[in-house]
Amino acid sequence: MKHFKRTLLALALLSFVVQACGDSGGEKKDTTMSGFSPPSDTPVFDGSRTFAYLEQQVAFGPRVPNSPAHERCLEYFVRFFDSLGLPAELQRFELPGYKDERLALTNVIVHINPSISRRILLAAHWDSRPWADMEKDPDRALRPIPGANDGASGVAVLMHLAELMKATPPSIGVDLVLFDGEDYGREGDESMFLLGAKYYSASRGTATSEILFGVLLDLVGDRDAEFPREELSQHYAGDVQTMIWDEAARLGLDRFSARQHSAILDDHVPLNKVAGIKTVDIIDAALVGGDPSSARRQYWHTLGDTPEVCAPETLHDVGRLLVSIIYGFHSI
Ligand SMILES: [Zn+2]
């Protein structure tokens, strides 16, 4: 993902957001969240187990499209979901890369309770950025990033949620989607980011009424993570964002702050704009571009995005919240 502020497109979209939000501020009330009530009894989310899934992904090496590590990690996901008895649907597609090669990309989709029409979508990206372009050293900037926080963290949370939902099926349906090709683009080239989310969203068409809403996880592993209210999420899915942040407050999860943050280009944009699925991005937004308040948190899109900057406690907080959301909804 990247800052929207840096691009002309971003500026255009931001002005649209400002105009469109007007006085409503994305806080419109509707009935989407009417099925939610905080659950009293939920499965226990294990942050340490989730951290191991983060480490296992990183151990393959950077999951850059067309690389052996990318292929091996895809096989690992297939084995993982097969072993749970939740076989993954592989949405394969090809696009031209920067060197005129064909990029072989795959979205991994897992349907929990496939027969239940009332569903939510949980997503994260599994690919790693091919260039550490925030490195100051030009040689280092040509190398791919480890992607522990930027990629593996969100996927790890979804993997453990799949285990919990298999053992204790929720009342609603859940689609888990691991997007490929999120971080492929060169700085400033909007067209080459979010490749998997764009493909998934276009292939759904507009017949998405069965999906109540979506939640995107990105950069959810840093040990000092803070999750503010991101602007585009608020604009497109303000009621969903309010529900999630209210539940975080009820659970005492202080990382979810009331602070507002400017628009970030991420996989929730095509989900909202193309698929029409109201989707909220849970993202440690200050990391994008390097957190100006912390020297330690300057590793975004560098070779320093390793498991050492992440912590099981953060993964736990995100997973704990999603458990509450998932088990707080009931099918009608
Ligand atoms: Zn990234």
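The values are calculated or read from the model by the stated rules, or taken from the named source; none is laboratory data. As the structure is a computational prediction, the values presented were derived from the model and not from experiment. Here the Cβ is made from the backbone with ideal geometry for all residues, glycine too, and neighbour counts use every protein chain on show. What goes into the accessible areas is simple: the full protein's heavy atoms, side chains included, and nothing from ligands, DNA or RNA. Shrake-Rupley method; radii C 1.70, N 1.55, O 1.52, S 1.80 Å.
Hey, could you check segment 313-329 for residues that are farther than 29 Å from residue 199 by Cβ and over 17 Å from the mean Cα position of the chain (by Cα) and say which is nearest to the ligand (Cβ to nearest atom)?
313
Quick check on my filter: what residues within segment 276-312 are closer than 22 Å to residue 38 by Cβ and either in a loop (DSSP other than H, G, I, E, B) or more than 17 Å from the chain's Cα centre (by Cα) (or both)?
278, the sole residue that qualifies.
The rows are residues; the columns are (1) exposed (fewer than 13 other Cβ atoms within 10 Å of the Cβ); (2) touching a Lys or Arg at 6+ places or on another chain (Cβ under 7 Å).
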residue: 68; (1), (2): yes, no
residue: 74; (1), (2): no, no
residue: 83; (1), (2): yes, no
residue: 88; (1), (2): no, no
residue: 106; (1), (2): no, yes
residue: 110; (1), (2): no, no
residue: 119; (1), (2): no, no
residue: 139; (1), (2): yes, no
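Given the residues 257, 203, which is the only one that is more than 16 Å from the ligand (Cβ to nearest atom), part of a strand (DSSP E or B) and either closer than 30 Å to residue 186 by Cβ or open to solvent by 10 Å² or more (accessible area, probe 1.4 Å) (or both)?
It is 257.
Would you point out the residue of segment 285-306, among those that are out of contact with any helix residue (DSSP H, G or I) (no Cβ under 9 Å at 6 or more places or on another chain) and small (Gly, Ala, Ser), that is farthest from the ligand (Cβ to nearest atom)?
Looking at the filtered set, the residue picked out is 295.
Between a first residue in segment 97-123 that is acidic (Asp, Glu) and a second residue that is open to solvent by 10 Å² or more (accessible area, probe 1.4 Å), which pairs have beta carbons less than 9 Å apart while being 6 or more apart in sequence or on different chains?
Pairs found: 101/66.
Among the listed residues 266, 281, identify the single one that is under 17 Å from residue 212 (Cβ atoms), within 16 Å of the ligand (Cβ to nearest atom) and in contact with a strand residue (DSSP E or B) (Cβ under 7 Å, 6 or more places away or on another chain).
281
Does any residue of segment 41-56 turn out to be over 28 Å from residue 247 (Cβ atoms) and modelled with pLDDT of 85 or more? Lay out the reasoning, then the answer.
At the first step, the residues of segment 41-56 found to be over 28 Å from residue 247 (Cβ atoms) are 55-56.
With the extra rule that they be modelled with pLDDT of 85 or more, the set shrinks to 55-56.
The answer is yes, given that some residue of segment 41-56 is over 28 Å from residue 247 (Cβ atoms) and modelled with pLDDT of 85 or more.
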